Each structure stands twice: as C-alpha cells, then as structure tokens.
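Notes follow once the structure below has been shown.
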Amino acid sequence: MDVLNVTIFIVGLLFGSFLNVCAYRIPRKESIIWGRSHCPHCGHVIPFYYNIPLISFILLKGKCHYCGAKISWQYPIVELLTGLLTWALFLKMGISYAFIFYLIFIYFLIVIALIDWQTKLILNKILLVMLILGIVVNAIGHVIPFKDAGIGAVVGGGTMFLVAYLGNRIFKKEAMGMGDVKLAFVSGFFLGWQLILWALYLGFVIALLGIGLIWLLRRNRIPKQVPMGPFFALGFALNLFYGRELLELYFKLFS
Ligand SMILES: [Zn+2]
C-alpha cells in the first residue's frame, strides 16, 4: 500500500458518495450539484463531518444524528463498492485514458442499476450523458477504435432488441423494456463488438440466477416486474474485469 493506491481508493469512496446522491436525486428531478444533503426522514441538513463516506455511517451506527432514523445500508455498500472498483480498475489499467473511459462506464452502470432497482426505469438523459462522455474521452485518448465501438453499439442494441421483441411475444407481456435495449447499445460502445455479446450473455445468466434467487426468497412468487438493469450492469462490469478468464472457464466447463 502506497500513497497513490490509498488516494485512488479514497477518491473512489468519495465518488461512491456522489453516485448515491445522483441515484437519489436524479429520479426526483433535483440538482445533483446544488443543495446540501439532508436526511430524507427529518429533513435536517447533514454537515460534512456526518457525511464522510463509510466512516460517518459507522460512527453514527447507521442512524441519523438528529432524528435517529435508520440510514439505508445502500449508502455504505455503494461507497465501498465504488472505492474497490475504482482501485481494481486502477490496478488493471494504471493512470490512463482507458482508466477514465472505463471508470465512466462503471460509475454510470452503478447509478443506472440503483435507479432501475428503485424505480424500474433506465433514464434516457443518463444514457445520453454516459454516451457523450464516452465519445469525448475515446476521441481524446483513442481507447478503442471508433469502428469497433460503433459496431459494438449496433450489435449490442440490436441483439437486445431482438431478445426483448421475442420475449415480449412469447410471454405476451413486457418482459424487457426499451431501457435495457438502450443500455445494451451504449454499453456496446464502451465494450466494442468483441466483448458486447459475451457481456450480454453474462448479463442474461446473472439475471436468470438473480430472478431465481428472488423467486426462492419470496417463496415462489415472482414479482410482476423485475428490473433487469442491475443484472446487466453486473454482467458488463464482470466482463470488463474477468471477461477472458470467464470465457475460458465457460469453455472448460461446457465443451
Ligand atoms: Zn433525520
């Protein structure tokens, strides 16, 4: 552990805190830049010393200092997850344009997954900002060739559209929404055509496992609508870190 590694992890924690703010405020149409954080229960403004990632949650024992309302476990979990993922990506890529490019990808996946989980919506404006930032960083840093990214987007979006179309025909209800199709399109841009199909496949496997788990936990009752975004986000992120290893493992197991 040296200073750089620790700094990257702490910056990741701070971004995690910001992603929590985004996931809470964007669906409520609140500004993500202006306005101090406040307790959703009593409305008291939270001073910075009660808003330190991880540490405040532990010191406050998961409760609001003013009204005692429980603070959701989502906050420290997302902070820690973001810190660890940021650090892991740094270890894999070092300080580079690729690091920034994929960090944008992961941070947006986290926000999209959180909002989809809570509201069952994947918001267009988030996907649009994600795509624009990706294009800009890719244009400056030449992370992946634009041809690969473009084909990846079309292949990803097209495949997901086909699956959604067939799924909706077979199950005679909306099994998957257009939000998932658009997410696959934008993710294809970040992963390129070489990785997007495998990433989608992983996403589907994780989604099926996840729905199976929900089914078990809720005692044989499948909720009417399961947001798929979080599962795909997990599949895409896993693919980014361990795509090749998982592919090799897959062929070892099933061939
Ligand atoms: Zn409170």
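Every read-out reported here was derived from the displayed coordinates using simple, explicitly stated rules and does not represent laboratory data. Because the structure is predicted, anything quoted here is derived from the model rather than measured. Neighbour counts are summed over all protein chains in view; Cβ atoms, including those assigned to glycine, are modelled from backbone coordinates with ideal geometry.
Can you pull out the residues in the stretch 231-255 that are without any contact (Cβ under 8 Å) to a residue 40 or more places away in the chain, assigned to a helix (DSSP H, G or I) and farther than 16 Å from TRP193 by Cα?
PHE231, LEU238, TYR242, GLU245, GLU248, LEU249, TYR250, PHE251, LYS252, LEU253, PHE254
Would you please list the contacts, defined by Cβ atoms under 6 Å and residues six or more apart or on different chains, that run from a residue in the stretch 59-86 that is aromatic (Phe, Trp, Tyr) to a residue that is within 15 Å of the ligand (Cβ to nearest atom) and part of a loop (DSSP other than H, G, I, E, B)?
These pairs meet every condition: TYR66/CYS42; TYR66/HIS44.
Can you name the residue in the stretch 150-183 that is of a type in the set (Gly, Ala, Ser) and within 18 Å of ASN138 (Cα to Cα) and is also surrounded by the fewest Cβ atoms within 10 Å (Cβ to Cβ) among such residues? It would help to see each step written out before you state the result.
Start the filter on the stretch 150-183 by keeping residues that are of a type in the set (Gly, Ala, Ser), which leaves 150, 152-153, 156-158, 164, 167, 175, 177, 179.
From what's left, within 18 Å of ASN138 (Cα to Cα): 150, 152-153.
Details: GLY150: 14, GLY152: 26, ALA153: 23.
Restricting to residues being of a type in the set (Gly, Ala, Ser) and within 18 Å of ASN138 (Cα to Cα), the top hit is GLY150.
Within the stretch 6-28, is there a residue that is within 16 Å of the ligand (Cβ to nearest atom) and among the charged types (D, E, K, R)?
No: the stretch 6-28 contains no residue that is within 16 Å of the ligand (Cβ to nearest atom) and among the charged types (D, E, K, R).
Could you tell me which residue of the stretch 34-59 is farthest from the ligand (Cβ to nearest atom), considering only residues that are loosely packed, with under 14 Cβ neighbours inside 10 Å and hydrophobic (A, V, I, L, M, F, W, C)?
So, considering only residues that are loosely packed, with under 14 Cβ neighbours inside 10 Å and hydrophobic (A, V, I, L, M, F, W, C), the one farthest from the ligand (Cβ to nearest atom) is TRP34.
Condition check: over 29 Å from PHE18 (Cα atoms), part of a helix (DSSP H, G or I) and in contact with a Phe, Trp or Tyr (Cβ under 8 Å, 6 or more places away or on another chain). Does ILE126 satisfy that?
Here the answer is no, as ILE126 does not meet what is asked.
Out of the stretch 60-75, which residues are away from the ligand (no atom under 14 Å from the Cβ) and surrounded by 12 or more Cβ atoms within 10 Å (Cβ to Cβ)?
Within the stretch 60-75, the subset away from the ligand (no atom under 14 Å from the Cβ) is 73-74.
Answer for the stretch 60-75, where residues must be away from the ligand (no atom under 14 Å from the Cβ) and surrounded by 12 or more Cβ atoms within 10 Å (Cβ to Cβ): just GLN74.
Among residues belonging to the stretch 22-40 that are of a type in the set (A, V, I, L, M) and in a helix (DSSP H, G or I), point out the one that is nearest to LYS125 (Cα to Cα). Walk me through how you get there before you give the answer.
Looking only at the stretch 22-40, we keep the residues that are of a type in the set (A, V, I, L, M), and these are 23, 26, 32-33.
Going one step further and asking which of them are in a helix (DSSP H, G or I), we end up with 23, 26.
Values: ALA23: 13, ILE26: 10 Å.
Restricting to residues being of a type in the set (A, V, I, L, M) and in a helix (DSSP H, G or I), the top hit is ILE26.
Somewhere in the stretch 149-165, is a residue assigned to a helix (DSSP H, G or I) and either within 15 Å of the chain's Cα centre (by Cα) or within 21 Å of PRO27 (Cα to Cα) (or both)?
Scanning the stretch 149-165, I find no residue that is assigned to a helix (DSSP H, G or I) and either within 15 Å of the chain's Cα centre (by Cα) or within 21 Å of PRO27 (Cα to Cα) (or both), so the answer is no.
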